[in-house]
Amino acid sequence: MRHGLSRNYWLEFIFLSYINHEGGAIFLGGYPDIRESLAHGELSSPESSGI
């Protein structure tokens, strides 16, 4: 899954799984292929998302 399923796959994953940040770190949660496990997975729709 180096390139993801669509052009914006990893960008969308980071957006939907963002939990917090501090210092030089961004904290993400969830699994890319399980929408319900993402912190903000409810914001995505199956039709518009490659995730």
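The values are calculated or read from the model by the stated rules, or taken from the named source; none is laboratory data. Bear in mind that the values here come from a model prediction, so they are computed numbers and not experimental data. Cβ: placed from backbone, ideal geometry, glycine included. Neighbour counts: every protein chain shown.
Looking across segment 1-13 at every residue that is assigned to a loop (DSSP other than H, G, I, E, B) and among the aliphatic types (A, V, I, L, M), the one that is modelled with the lowest pLDDT is identified as MET1. Across segment 14-44, the number of residues qualifying as assigned to a strand (DSSP E or B) and of a type in the set (S, T, N, Q) comes to 1. For segment 14-25, name all the residues that are among the aliphatic types (A, V, I, L, M) and under 17 Å from GLY41 (Cα atoms). Answer for segment 14-25, where residues must be among the aliphatic types (A, V, I, L, M) and under 17 Å from GLY41 (Cα atoms): ILE14, LEU16, ILE19.
A search for C-beta distances below 8 Å between a residue of segment 1-25 that is within 13 Å of ALA39 (Cβ to Cβ) and touching a residue at least 12 places away in the same chain (Cβ under 8 Å) and any residue that is in a helix (DSSP H, G or I) and of a type in the set (D, E, K, R), counting only pairs 6+ apart in sequence or on different chains, returns LEU16/ARG35. Would you be able to tell me the number of residues in segment 34-51 that are at pLDDT 80 or above and surrounded by 12 or more Cβ atoms within 10 Å (Cβ to Cβ)? So the count comes out to 5.
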